[in-house]
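Each reported figure results from applying straightforward, stated rules to the coordinates on display, with no laboratory input. All of these numbers come straight from a predicted model, not from anything done at the bench. Because the Cβ atoms are built from the backbone with ideal geometry, glycine has one as well, and the counts that use them run over all protein chains shown.
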Amino acid sequence: MPQKFYITTPLYYVNDVPHIGHAYTTIGADVFARYKRSKGFDVFFLTGTDEHGQKVAQSAEKEGKEPKDFVDFIVGRYKEAWKTLQITNDDFLRTTDERHIKTVQNIFETLLKKGLIYKGDYEGWYCVTCETFWAESQLEKNQKDEKICPDCGKVVNKLKEETYFFKLSAFENKLLQLYKDKPDFVKPKSLLNEVVNFVKQGLKDLSITRTTFKWGVPVPSEPQHVVYVWFDALINYISAMGYPDDERFKKFWPADVQLMGKEIVRFHAVIWTAMLMALDIPTPQKVFGHGWWTVEGKKMSKSFGNVVDPIEMSEKFGVDAFRYFILREVAFGNDGDFSMQLFINRYNADLANDLGNLLSRTLTMIDKYFEGNIPDVRDHGIDDLSKDIVNLLNQTPVEFDRCVDKMAFSEALENVWKLISFANAYIEQEAPWVLAKKGETEKLSCVLFNLYETLRIVAIFVSPFMPNSSLKIWQQLNLPQEPEKFAPVPFGMKIAGIKVKKGEPLFPRR
Ligand code: MSP
């Protein structure tokens, strides 16, 4: 039986339309899901939208819309974006789905009965942008001497209301023990350290209901209380799987990777993990926090007018180029800065020049010297350079898998591009046009065979990142089926007798 693999993205707030940041997490998860599928895993990939809470309610009000009409519209934009970006999610959970609301209510009542939720009064500060409670001691001040959120810098509100609390404090030791027992539970390590320090400072019970607005899941036994948006949304990872009874839940839970931006790792590695402990459900295998994008050195914001729209980018440059760029440009755990110039430079250098030219030059030469037929070659390492490229072709899959498995996407692609650059240099140094002139047919056959093999293997590597270009390469190589079905295939597949079909350039220069 194939091994299961469950990967999730956060649920995105629907107070605004998707931008490059949301696309980043979703594309990262998509690449990983595609990669795992190509390795024979039975994958479940979940994404969706976080639709309740004060922030969304306020955005709806600003637009003069009912919250439900407002969220339906934005959810449409998310679904459209994921379709354009060719995201292969298996489900899309909306926190306004009936299946989710019921699960939240059941869990609330279960924990209430267990004594892990209790009623009390909350007095403290709240940031609507982050939907986060803060103690006075945690706040910072702005130039006008107003109290601001330490995460987003927005002015916070004072709250005093009756609330239900979740006994988060009861899980302090159990959480610390988990972080100790599973040092890979939170990745990268710097985020684990932050989480450990946070918990070590002491956990307070968490206010998990609000009474001052209505846009949320009502507490069944006391509907004037609506469930705090984070407590509601975190449950999605199991409500979508049909917790507690569905086969889907039994098969796929615990999640293998929960992917998100670094700023919300704390919510997952602390609150969500404690909620699961409270319910006696296994905790996820891994919580991975990636870095943040700024644009031209600034935080992305509508007021700066610097929001990067993933749909616009894909329409202009092709979805593959966009997917490639955001995963190649910066290491997944680090922060990155987007600029159009960087994008275009990388597009021209890596895609148009390195990869595009390798394909077009190789196929042109196979056409010219062998009428398009792949020569049958016995000795692939006819000289030292050929031996080197064969060695590299044998080594790269090991390196590539090692990197992708730890979500080091940029490093994985770097290894593929090392191979591509080597192949381009191999052309220059072997100079097939000279071999043809001198009538050195055996060597010429070997060089072109090795180049063809390089492209075949590169097409397999890039398939999760750039599914369309990978398929185009595959078709020009005139190979049967699809690239991902062939993974992993070692060097030296029986390909003699195939006639190549040179096509349009993959990436026209910009
Ligand atoms: N709704 C919560 C998550 C609930 S999960 C149960 C939330 N939503 S969000 O719309 O603010 O999206 C957060 C996610 O979007 C981040 O964790 C990150 O994955 C992604 N990003 C949003 N802006 C980003 C950047 N500027 N850069 C990179 N990713 C960022 O938090």
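Side notes on the structure shown:
- Isotropic mean projected area of the C-alpha convex hull, the range 313-393 (nm²): 8.1 nm²
- Of every Cα-Cα pair in the range 266-364, the percent that sits beyond 23 Å: 48 percent
- For the chain, the convex hull spanned by the alpha carbon atoms encloses 158 Å³ per residue.
- If R0 equals 45 Å, the separation of the Cβ atoms of GLU428 and PHE198 corresponds to a calculated FRET efficiency of about 0.25.
- Centre separation in Å (Cα based) which lies between the range 29-60 and the range 376-453: 37 Å
- Three-way shape label, the range 163-297, alpha-carbon gyration tensor, a/c 1.5: rounded
- Taking the Cα centre of the chain as reference, the dipole from Cβ charges on Lys and Arg (+1) and Asp and Glu (-1) amounts to some 240 debye.
- Which of GLY356, PHE213, VAL377, positive extreme of dipole for the chain (C-beta unit charges): VAL377
- Summed over all non-identical Cα pairs, the Kirkwood treatment of the range 1-160 gives a radius of 18.4 Å.
- By the helix-only formula, in which each DSSP H run with n ≥ 4 contributes -39500 (n - 2.57) and the sum is divided by residues, the chain has a 222 nm mean residue ellipticity of -14000 deg cm²/dmol.
- Inverse mean reciprocal Cα-Cα distance (Kirkwood Rh) of the range 340-485, Å: 15.8 Å
- Computed label-point distance, nm, for sites LYS4 and LEU176 using a 7 Å Cα→Cβ extension: 3.3 nm
- Packing-based exposure ordering (other Cβ within 10 Å, fewest first) of PHE338, PHE231: PHE338, PHE231
- Comparing the range 213-265 with the 2.2 N^0.38 Å rule of thumb, its C-alpha radius of gyration ratio is 1.40 (two decimals).
- In this structure, the amide hydrogen of VAL186, modeled 1.01 Å from its nitrogen in the peptide plane, lies closer than 5 angstrom to those of VAL287, counting only residues at least 5 positions away or on a different chain.
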